[in-house]
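Q: Have a look at the structure that comes next, please.
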Amino acid sequence: MDCGEGVQRQVLAHSIGLGKDMVVLVTHLHGDHVTGLLGLLQTMSLAQRRKPLDLVGPPQLLRWLQVTSKLLHVGLTFPIRFTPVKPGVVLRAPGFRIRAARAVHSVEAYSYLIEESGRPGVFHPEKAKALGIPEGRLWSALQKGRTVSVHGKKVRPSAVTGPPRPGRRIGYSGDTRPSPRLARFFSGCDLLIFDSTFRGSDGDKAVVRKHSTCIEAAEVARKAKVRKLVLTHFSARYTSAAPLVKEARKVFPAVMAASDGLTVEVDYPPS
Ligand SMILES: [Zn+2]
């Protein structure tokens, strides 16, 4: 999500892998969110990537990429599948989909929500046994949510499993002012990564520059009833993110600061 300068070095340093299936989501065309993209694509080509790469972003992103690639004589070893972003579903893939909503920034900007597909309900072996379904292939099919045929009778998965379990949802605001629309968009998500450029006392700067304060980020998280909030995009004027987390915690307790290489476990929502 977004490509700041030197992003390829972070990808290498954190062993993310240059040849994997990958979707790059760009929120808006500001340098600190885009300029790393060309370096990332070049590094992937040096590693002889062949798989197509999905790229989602504002329509002008493709033009920028085409012009800079041409001027700098960049040839890629793999195709790019570009999707111009607009509000709604922007990408569907096995196991997840990605939705976008308008953000509120100084240029056209979007927020993203990654939604994992739901999982079948918990399998109850005792119910399967009671129905005379032999263990093995048929159990496995029912566990995967498929209807099976036993002694000429159809058995639906719902007869032997609990209710379907929801998948996980991860939201990313990009640069934005807080807004009721974004609070609705991120409603109930399991992890929200939100613009927290300024401290509460610098709120006037957040308004002028179309960013959010740590407190505003926490208020969106509270309104949206998310499960965990990660603050990011801190202004260079602060030497530590700790005071921003402290301020946000008064509004929304489950909050932490993003840092390079941070790994966050995202638990499944309670079903
Ligand atoms: Zn920006």
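Computed from the coordinates by the stated procedures, all read-outs in this text should not be read as laboratory data. Note that the coordinates shown come from a computational prediction; the quantities given were computed from them, not determined experimentally. Cβ coordinates were reconstructed from backbone atoms using ideal geometry, including for glycine residues, and neighbour counts include every protein chain displayed.
Q: If you find the alpha carbon centre of region 233-263 and of region 167-215, how far apart are they in angstrom?
A: So the two Cα centres are separated by 13 Å.
Q: Principal axes first, then extents: for the Cα atoms of region 160-246, list largest minus smallest coordinate on each axis, whole Å, largest first.
A: Over region 160-246, Cα extents along the principal axes are 58, 25, 17 Å.
Q: By counting other Cβ atoms within 10 Å of each Cβ, how are 99, 50, 165 ranked from fewest to most?
A: Placing the least packed residue first, the sequence is 50, 165, 99.
Q: Taking only the alpha carbons of the chain, what extent do you get along each of the three principal axes, in Å, biggest first?
A: Result for the chain: principal-axis Cα extents of 69, 50, 32 Å.
Q: On to the next question. Using a 7 Å offset from Cα along Cα-Cβ at residue 96, what residues in region 1-23 end up with backbone N under 18 Å from the label point?
A: 1-4, 11-12, 14-23
Q: For the chain, what is the mean residue ellipticity at 222 nm derived from helices alone (per DSSP H run of n ≥ 4: -39500 (n - 2.57); sum divided by total residues; nearest 500 deg cm²/dmol)?
A: -8000 deg cm²/dmol
Q: Can I ask one more? For 250, 228, what's the fewest-to-most ordering of other Cβ within 10 Å of each Cβ?
A: Starting with the residue having the fewest Cβ neighbours, the order is 250, 228.
Q: Still on this structure, please answer the following. Treating cross-link reach as a plain straight distance, find the lysines whose alpha-carbon is under 28 Å from the alpha-carbon of residue 154, omitting any fewer than eight places away in the same chain.
A: 127, 129, 144
Q: Now, a different point. Quick one: give the max-minus-min coordinate of the C-alpha atoms of region 32-160 along each principal axis, largest first, in Å.
A: 69, 38, 22
Q: So for 126, 5, 216, fewest C-beta neighbours within 10 Å to most, what's the order?
A: Fewest to most other Cβ atoms nearby, the residues stand as 126, 5, 216.
Q: Further question: If you line up the long axis of helix 214-224 against the longest principal axis of the chain, both from Cα atoms, how many degrees apart are they, to the nearest 10?
A: 30 degrees
Q: Let me ask something additional. Students often forget the sequence filter, so: which lysines lie under 17 Å Cα-Cα from residue 51 once same-chain residues fewer than 8 apart are removed?
A: 20
Q: Now a separate question. Take the alpha carbon atoms of region 1-45, find their center, do the same for region 76-132, and report the distance between the two centers in whole angstrom.
A: Centre-to-centre (Cα) distance: 20 Å.
Q: Please name which of 217, 133, 180 has its Cα lying farthest along the dipole of the chain towards the positive end, using unit charges on Cβ (Lys, Arg +1; Asp, Glu -1) and the Cα centre as origin.
A: Of the options given, the answer is 133.
Q: Treating only the Cβ atoms of Lys and Arg (+1) and Asp and Glu (-1) as charged, compute the dipole magnitude of the chain about its Cα centre; round to the nearest 20 debye.
A: 1100 debye
Q: Same structure again: Please report, to one decimal in angstroms, the Kirkwood hydrodynamic radius of region 59-117 built from all distinct Cα-Cα pairs.
A: It works out to 13.5 Å.
Q: To continue, here is another question. Considering amide H positions built from the backbone, and no H for Pro or chain starts, which residues 5 or more places from residue 165, or on another chain, come under 5 Å of its amide H?
A: 119, 121
Q: To continue, here is another question. Considering Cα pairs under 8 angstrom that are at least six residues apart, work out the relative contact order of the chain and quote it in whole percent.
A: 13 percent
Q: Let me ask another. In sequence order, what are the phi-derived ³J(HN,Hα) couplings for region 38-51 according to the Karplus relation 6.51 cos²θ - 1.76 cosθ + 1.60 with θ = phi - 60°, rounded to whole Hz, with x for glycine and proline?
A: With coefficients 6.51, -1.76 and 1.60, one gets 4, x, 5, 5, 5, 5, 5, 5, 4, 7, 6, 4, 10, 5 Hz.
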